Amino acid sequence: MVSTMETGCYLVGGTELIPDDAQAGAAIAAKTGKSISRDDAKKETIAYGILQSHNTSGNMENLQIRFDKLTSHDITFVGIIQTARASGLEKFPIPYVLTNCHNSLCAVGGTINEDDHMFGLTAAKKYGGMYVPPHQAVIHQFAREMLACGGQMILGSDSHTRYGALGTMAMGEGGPELVKQLLKQTYDIKMPQVVAIYLEGALQKGVGPQDVALAIIGKVFGSGFVKNKVMEFVGPGVASLSADFRIGVDVMTTETTCLSSIWQTDEQIEDFYEIHGRKNDYQKLAPGQVAYYDGVVKVDLSTVKPMIAMPFHPSNAYEIDEVNANLDDILAETEKRARVSFGDKVQYSLRDKVKNGRFLVDQGIIAGCAGGGFENICAAADILKGTFIGNDRFTMSVYPASTPIYMELLRNGCAATILETGAILKTAFCGPCFGAGDTPANNAFSIRHSTRNFPNREGSKVQNGQVASVALMDARSIAATAANRGYLTPATEFDGEFRKYQYHFDAAIYANRVFDSHGVADPHTELQLGPNIKDWPKMTSLPDNLVLRVVSEIHDPVTTTDELIPSGETSSYRSNPEGLAEFTLSRKDPAYVGLAKEIRSAQTALMAHEDPYQAWPELKNIMETVQKQFPDVTMDNIGFGSTIFAVKPGDGSAREQAASCQKVLGGWANIATEYATKRYRSNLINWGMLPFVIAKGELPFKNKDYVFVPGIRSAVKTKAASIPAYAVNGNTVKKFELALGDLTDHEREIILDGCLINYNRADK
């Protein structure tokens, strides 16, 4: 179904793969009549051409990228603009779109969500941006409809910023990377490797984009095959997929931990642009006659079957038929994963979902940037037509990804078909994807065409004894399951016909409601600041030496950003750094916040020229132990703060708050054996936190121990490959080694200054 080629590979004529071995040169010459070097063939990928056209460094090994457009939603744009304001922002230098698709339900904290929206509207007016009101469109659908352009690059403060199917290389990063673009700085990365996603064959009836995506994710996530690389979709199978289908696969590439994605384009993508009134934004993209890829993922579309990603990760992928045939074994595996995530905090079992040998789910959701597309919902309507979901426990909600899609569903009758079944049609909103809408009941099991199924991401709170779980499926199989009143069913069992629906984009919907400054700033506009919108607290530069208290120790194989800072109703506080920080690790390690505050009190006292020992008495004994070996360490050259240890932190969202909340609480570092994503590591750096790496094996410290890092400022400055550190427990000291990995000179300066805000203030 899906296989990988571990060695590099040449793609000839867009259709034939030739492995990079001793015979490759002769084979290529025989096919093309000429020879080509590997280095020259690397330049023939689509990705290379786009990156080269956006690189300002003059060096294709070390890229400094300037993007064409930016986009953010209402969880992130307040913090981004507040950070940029603190650094002297006067005008958005490139188009910047502020959407309102996350904090759209004003159900928590009174006015604070709508206050954020008004901040966004006034910021768009003041700095010259675009503002998309709540319920008009989810961030990525608006970008597809109105922003994507062939050959361009878009940076978004959401991890699923992926528009590769439309010929736009897009990346999702934490807010500080957008701040850099707003300040006319660059996105600095080494030239990424490019992996071909080679599609061949044709789909079976009933197989949807989520099925293809989950099959790929299941194959490559665990091995890190495409981690921090560009996925380039090529091959004869691409032409058989509609634009909507490609978009549905593309948005899920984030869950592979790749850096970005790009697809070859054709007449179907040209038609997409024409339908949306932007035909001139189309660009035909294809690899050169001979293109070299650093790896290959081969996908035979004809073998892909309806898939399900069982809790608690999109990579836990199975064929639905396999789950139905092996329920006991697969449910046992799922329960093991639950014990890793929850320990003994809650009792988690799915055995009560088995009724008469069949798996009965409680809820179906089709929503957001992955599921809410026009073709997905129309296909679901065809499957649901003439059925009803029943009047028992099973419920179903459908969220079109934009109001124009909603309008077309009303006009073509699909909306009525869905509503007649007992399902509910709702407005464009990302809530179900991150726990702010359609939270299931305790112990309920939800199947969703959305992007993620991490622990508690559906909105339950393990700290309150609640647990629910989500499996990811395609809209078609969700509809087939709903038609069977909740019994897990693959869409390949649907024996009816899928109709062909023509999409008509109604541009007037946005023209009548979306604010567009057309790039003209009005500096006289006053920002509307609600009482919850707060500035970032003062942060100090990196001291010469550091004493870190370990305040959380996480040994899960992977730690998601949802676990570092929960989503759901906490998102309403994301404009208030101190308020949001109270939720840090609250569903994973509730003791974290209190422990971090204790050591932060010592640093606060130090900054105020007060006695740190009075603020946190335990520190006195630690410092006495340190000073026995390092008598030159004094209150004039020391800093106090916290760190967490996690095996592999940062999988999932681009949200900068996973790092900034730790910083607000006095965090100076993370210690990990590796980082799950580039974007999380970048967030740490941009908030002045040291992304320490430690060798795998037994840790030299445990939770509540202290770690002393002498000469850390010098080590960062001199690019030390290895950094000596000391675990301190009472009077016991144990030496060990840390590393920081590759850091650009710019990143080192940010860490030395203490955070990106300080760096830019120093530059002013």
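Values quoted throughout were computed directly from the atomic coordinates according to the rules given, and no laboratory measurement underlies them. Note that this is a predicted model, so its numbers are computed, not measured. Here Cβ is always computed from backbone atoms with ideal geometry, including for glycine, and neighbour counts include all displayed protein chains.
Brief remarks follow.
- Most simply put, the chain has about 40% antiparallel DSSP beta bridges, counting only bridges with both residues inside it.
- Residue among I330, V467, V12 farthest towards the positive dipole end of the chain, charges placed on Cβ: V467
- Proximal lysines to K734, defined as alpha-carbon separation beneath 24 angstrom and excluding residues fewer than eight positions away on the same chain: K620, K628, K648, K696, K702, K704, K719
- Helical contribution to [θ] at 222 nm, DSSP H n ≥ 4, -39,500 (n - 2.57), averaged over the chain, rounded to 500: -9000 deg cm²/dmol
- Check: region 545-763 dipole with +1 on Lys, Arg Cβ and -1 on Asp, Glu Cβ, in debye: 280 debye
- Region 516-531 versus region 39-53: alpha-carbon centroid distance in Å: 39 Å
- Positive-end ranking of N703, I94, I28 along the dipole of the chain, with charges on Cβ about the Cα centre, is headed by N703.
- Residues of region 22-38 with amide N under 11 Å of the 7 Å Cα→Cβ point at E16: 27-33
- Taking the centroid of alpha carbons for each part, region 459-488 and region 226-263 are 25 Å apart.
- With a simple spin-label model that places each label point 7 Å from the Cα along the Cα-to-Cβ direction, the separation between Q347 and A521 comes to 6.0 nm.
- This model, with +1 at the C-beta of Lys and Arg and -1 at the C-beta of Asp and Glu, gives the chain a dipole about its Cα centre of some 720 debye.
- With the simple model of a label 7 Å out from the Cα in the direction of the Cβ, T540 to N464 spans 3.9 nm.
- The value of relative contact order for region 67-188, using C-alpha pairs under 8 Å at least six residues apart, is 31 percent.
- Span from the region 306-337 Cα centroid across to the region 99-173 one, whole angstrom: 34 Å
- Residues in region 138-155 reached by a label modelled at E274 [backbone nitrogen below 17 Å; 7 Å Cα→Cβ]: 150
- Sorting 676-682, 66-72, 39-45, 169-175 by average packing, meaning the other beta carbons within 10 Å per residue, from highest down gives 169-175, 676-682, 66-72, 39-45.
- Prolate/oblate/rounded label for region 352-508 (Cα gyration tensor, a/c 1.5): oblate
- Cα gyration tensor category, rounded, prolate or oblate, for region 545-763 with a/c compared to 1.5: rounded
- When each of the peptides 381-389, 685-693 is scored by how many other beta carbons lie within 10 Å of its residues on average, the order from highest to lowest is 685-693, 381-389.
- Region 153-225 shape via C-alpha gyration tensor axes, a/c threshold 1.5: prolate
- The order of the peptides 306-318, 290-302 by mean Cβ neighbours within 10 Å, most packed first, is 306-318, 290-302.
- Taking label points 7 Å from Cα along the Cα-to-Cβ direction, S57 and R499 give a separation of 5.3 nm.
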